[in-house]
Amino acid sequence: MTDSQVLTISGKQTTALDELMAFMRERQKNKVIATDFEAFEQEARRRFAAAEAEFVAQELARLDVDAPAVEIDGVPHHRVLQCPQTYMTAAGTFSIPRTLYSTRQDGERAVCPMELRAGIVEGYFTPLAAKNAAWAVAHLTPGECETMFGRLGGMCPSKASLDRLPKALSARWEVERQDYEKRLRDQEVVPAEAVTVGVSLDGVLVPMKDGHRKEKRAARCAKGGKTKGPTGYSEASCGTLTFFDAVGSTLQTRRLARMPEMGKATLKASLALELAHVLAQRPDLRVVTIADGAKDNWSYLSLLPEGREGYQIVDFFHAAEHLADAMVAVHGEGTVRFRREFEKHRHILRHESEGVEMVIRHLRYLVSKHRRNKRLVGVLKYFRNRRHRMRYATFARKHLPIGSGIVEAACKTLVTQRLKRSGMRWRHDGGQAILTLRSLEQSDRFDRAWHMLASTYIKDVRLPENIVDIASRRPR
């Protein structure tokens, strides 16, 4: 029970449940209706939450072990002391006594069998409270979560505890990440109506605390360069694997995100395993790899899946942006001629069977008239090098996706909306903690992943032979 929920009335101890029942009886008998209904609801919520927390505390106390020695995962531990501890439940906090044990080896911390049997998370949160807190902080800042929980009533974790929790969870997840991801994949089935699987890769800049912002600005200034721009930012990576039906409608998307890393190695490895698992289930699926024109993305996507033919598509909207650059270079931005020529050739690129070849011919013609226009020459090179990935009319007739909007949306919803608020800067571990939780939530994997992660806080606690648990014999 909570340390603040026990009162003495007429020499008798009352509990939160007693107070709740008395409150309900008083309201039922009271002929005066509640005129301030919001205040009534708040009072009712507070009393029910207090009774719930008290009940959870009583059940947790039953898991305490009070014996000279116990075995935890087969390792002998000896009782060292008893002391009270405060815990956070989904209904609020309570304080109960608990028994601590130690191996009596130098440097070994005392452990609590009660916490290990219940799966108390980070020595403070009950499993449900930790799950709710982790889900909340994946969407809102710790400060916003603190305010939200305070308004809702019940559990009321502090901003500091909400900041620490995802980092602690992420540290555990990363240790066994590959195994957890495999177990998640093994539980999933490709939608029966899926005909195509699309794989996309992209990146988004994230403000970093350890991005050496001042040093980079100083170095740029010393070289006579501009001191404005995203100095101190590094590129986080996002990947998506999406199922499409026979008419090209989206069925399901799995989203992955990682903080900045050399070559996006971790994300690429995870994405490859996702695709391999899907194709092992459904080798009949058409494979489409789609991204913007960035060389690093395609050096990876062109190898997926290895030894199997598929469709490689440059995002149509990025291609159209490059086409617009060419028209601006020749006709000037915002002019009537620019708009007319751009719309004409954009339509050709999208709808004509030989659209990309027709655009390339027109760009060659423009280059022949403007040979010194480097911007125009660059666009021509861009289309020539990627022409086999720009057969948009053909792709559309096959009901294949021609836009990378899904992965770009993932960049926005996974990273930008949570990590790029005003004034935010991140270290790698803190940012990855949030991205991992958001990726799991947006891939409909959060609950299953939580079950795996929460189980790591549970350990096998046994009494050695001929040892009696004193706590189990105490009257309750």
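The values are calculated or read from the model by the stated rules, or taken from the named source; none is laboratory data. Note that the coordinates shown come from a computational prediction; the quantities given were computed from them, not determined experimentally. Reconstructed Cβ throughout: ideal geometry from the backbone, glycine too, with neighbour counts over all protein chains shown. Calculation scope for accessible area: heavy atoms of the full protein, side chains included, ligands and nucleic acids excluded. Shrake-Rupley method; radii C 1.70, N 1.55, O 1.52, S 1.80 Å.
Here are some notes:
- The calculated FRET efficiency for Gln85 paired with Ala276, based on their beta-carbon distance and R0 = 45 Å, is about 0.45.
- Kirkwood hydrodynamic radius of region 27-132, from inverse mean 1/r over distinct Cα pairs, in Å: 16.0 Å
- Estimated from the Cβ-Cβ distance and a Förster radius of 25 angstrom, the FRET efficiency linking Asp245 and Asp186 is about 0.55.
- Degrees, to the nearest 10: 142-152 long Cα axis against longest axis of the chain: 50 degrees
- Applied to region 248-254, the Karplus parametrisation 6.51 cos²θ - 1.76 cosθ + 1.60 on θ = phi - 60° returns per-residue 3J(HN,Hα) values of x, 7, 6, 9, 6, 9, 9 Hz, with x for Gly and Pro.
- Sulfur and carbon atoms: percent of accessible area, region 79-183 [1.4 Å]: 49 percent
- Accessible-area order (highest first, 1.4 angstrom probe) of the listed residues Leu116, Leu169, Leu205: Leu205, Leu116, Leu169
- The residue list Leu349, Leu301, Ala16 was ranked by how far each Cα lies along the charge dipole of the chain toward its positive end, using unit charges on Cβ atoms, and Leu349 comes out on top.
- Taking only the Cα atoms of region 246-336, the ratio Rg/Rh comes out at 1.08, with Rh defined as the Kirkwood radius.
- With respect to the chain, whose longest principal axis is taken over its alpha-carbon atoms, helix 37-61 is tilted by about 70°.
- Nearest-10 value in Å² for the accessible area of Tyr365, using the 1.4 Å probe: 120 Å²
- Per residue, the chain exposes 53 Å² of accessible surface when a 1.4 Å probe is rolled over the protein heavy atoms with every protein chain present.
- Lys, Arg +1 and Asp, Glu -1 on Cβ, resulting dipole of region 7-89 about Cα centre, debye, nearest 20: 440 debye
- Computing FRET efficiency as 1/(1 + (r/R0)^6) for Ser102 and Glu235, where r is the C-beta to C-beta distance and R0 is 56 Å, gives about 0.75.
- Normalised contact order of the chain, rounded percent, pairs of Cα under 8 Å and 6 or more residues apart: 19 percent
- Amide N of region 239-266 lying under 19 Å from the label point, which is placed 7 angstrom from the Cα of Ala396 along Cα→Cβ: 245-250
- Dipole orientation for the chain: of the candidates Ala320, Gly430, His77, Ala320 has the Cα lying most toward the positive pole (charges on Cβ; Lys, Arg +1; Asp, Glu -1).
- Shape of region 88-198, Cα gyration tensor, a/c cut at 1.5: oblate
- With kT/(6 pi eta Rh) evaluated at 10 °C and eta = 1.306 mPa s, and Rh the Kirkwood radius from Cα pairs, region 264-385 diffuses with a coefficient of 97 µm²/s according to Stokes-Einstein.
- The chain - charge dipole about Cα centre, Lys and Arg +1 at Cβ, Asp and Glu -1, debye rounded to 20: 2900 debye
- Average projection area in nm² (convex hull over Cα atoms of region 349-413, one quarter of hull surface): 5.5 nm²
- Given charges at Cβ of Lys, Arg, Asp, Glu: the chain dipole, positive-most of Ser161, Leu376, Gly232: Leu376
- Fraction of accessible area attributable to carbon and sulfur, region 267-347 (%, probe 1.4 Å): 54 percent
- Placing a pseudo-label 7 Å from each Cα along the Cα-to-Cβ vector at Phe40 and Leu128 gives an inter-label distance of 2.6 nm.
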